[in-house]
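Student: The structure is given below, and queries will be raised subsequently.
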Amino acid sequence: MSKKLKIFLGIAYLLILFAFLYFIFTSIQVSRLDDFSYYKELQTDLDIYISKNIIANLLIFFIFAIIWVSLLGFGSPILIISGILFGKWLGTFISVISISTGALVLYLIGNFFFRDLVKLILEKKFEKYILLFQRNEFYYFFIYRFVGGLGVPFGLQNLIPILFGMKKLNYFLASLLGFIPGFFIINTIGAGLNSYVEQAESFRIIDLILSPEIYLPIMMFIILMILSLITKKFFFNDTN
């Protein structure tokens, strides 16, 4: 049963990925990729399309993000896209809700069908964290999410709580609250890219980097990474 489900999930993931890539590459003009005015046209068309029916587009993004994350998709591309499409505030809101839900779905699937496999693969690697999380699963998992998962790939972050049987409500709420700062930063970068394309007449990498909409969230991201290293030292070291 679990093997069949694993095959199904793998095929579904590939189909969704190929469908998404097909949609992207059939919607763009490859011959104009070096033309900055083309990106301005795309940005204008996207803004018009999103604003025509914001509720429907939020719902589509919500469903897609849940499926994407539950099939082990990366988090960062979704956050950049949500920032581009919906701006930093609404983008942060919809991405936090949808990705937290998708992570919970992945956790439930992994815990129900692949618990033994997950333990076999991950338990030895993360055994030093298990007792720590068991002391106060919400508190430590919230910190873990808050600082971006301490460099652990996003898909694995979502599966690690299987090792200590985390409660579903604690998992969802710790993710929901812990995701907010990092997701806001990346959504702000996405919104900054959208703003730069809208306002600039030509593309210059220096102008992009020096744009406040870009360098300020990058600085915040660097601070979050430093905080992650400090947190790992004081909360997740071997002596705790």
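Student: For region 90-130: of the residues being touching a residue at least 40 places away in the same chain (Cβ under 8 Å) and not in a helix (DSSP H, G or I), which is surrounded by the most Cβ atoms within 10 Å (Cβ to Cβ)?
Tutor: Within region 90-130, the match that is surrounded by the most Cβ atoms within 10 Å (Cβ to Cβ) is Phe114.
Student: Okay, next question. With the checklist (1) at pLDDT 85 or above; (2) closer than 26 Å to Leu227 by Cα; (3) not β-branched (Val, Ile, Thr) in hand, flag the one item Phe164 doesn't pass.
Tutor: Here Phe164 clears every test but (1).
Student: Please verify whether Leu79 is closer than 16 Å to Ala191 by Cβ, within 10 Å of the chain's Cα centre (by Cα) and part of a helix (DSSP H, G or I), treating the condition exactly as stated.
Tutor: For Leu79, the condition - closer than 16 Å to Ala191 by Cβ, within 10 Å of the chain's Cα centre (by Cα) and part of a helix (DSSP H, G or I) - is met.
Student: A further question follows. Do any residues in region 216-235 that are closer than 30 Å to Tyr196 by Cβ have Cβ atoms under 6 Å from those of residues that are of a type in the set (S, T, N, Q), where the two are at least six apart or on different chains, and which pairs are they?
Tutor: Close Cβ pairs satisfying both conditions: Pro217/Thr188.
Student: Picking from Pro212, Pro161, which residue would you name as being over 30 Å from Arg115 (Cβ atoms) and either in contact with a helix residue (DSSP H, G or I) (Cβ under 9 Å, 6 or more places away or on another chain) or not β-branched (Val, Ile, Thr) (or both)?
Tutor: From the options Pro212, Pro161, the qualifying one is Pro212.
Student: On to the next question. Give region 50-78 a look and list any residue that's modelled with pLDDT under 80 and of a type in the set (Phe, Trp, Tyr), or say none.
Tutor: Phe74
Student: Starting from residues that are exposed (fewer than 13 other Cβ atoms within 10 Å of the Cβ) and farther than 25 Å from Met225 by Cβ, keep the ones in region 131-158 and report whichever is modelled with the highest pLDDT.
Tutor: Residue satisfying both the conditions and the ranking: Arg135.
The values are calculated or read from the model by the stated rules, or taken from the named source; none is laboratory data. All figures in this text were calculated on a predicted structure; none of them were measured in a lab. FYI the Cβ positions are ideal-geometry reconstructions off the backbone, even for glycines, and counts take in every protein chain you see.
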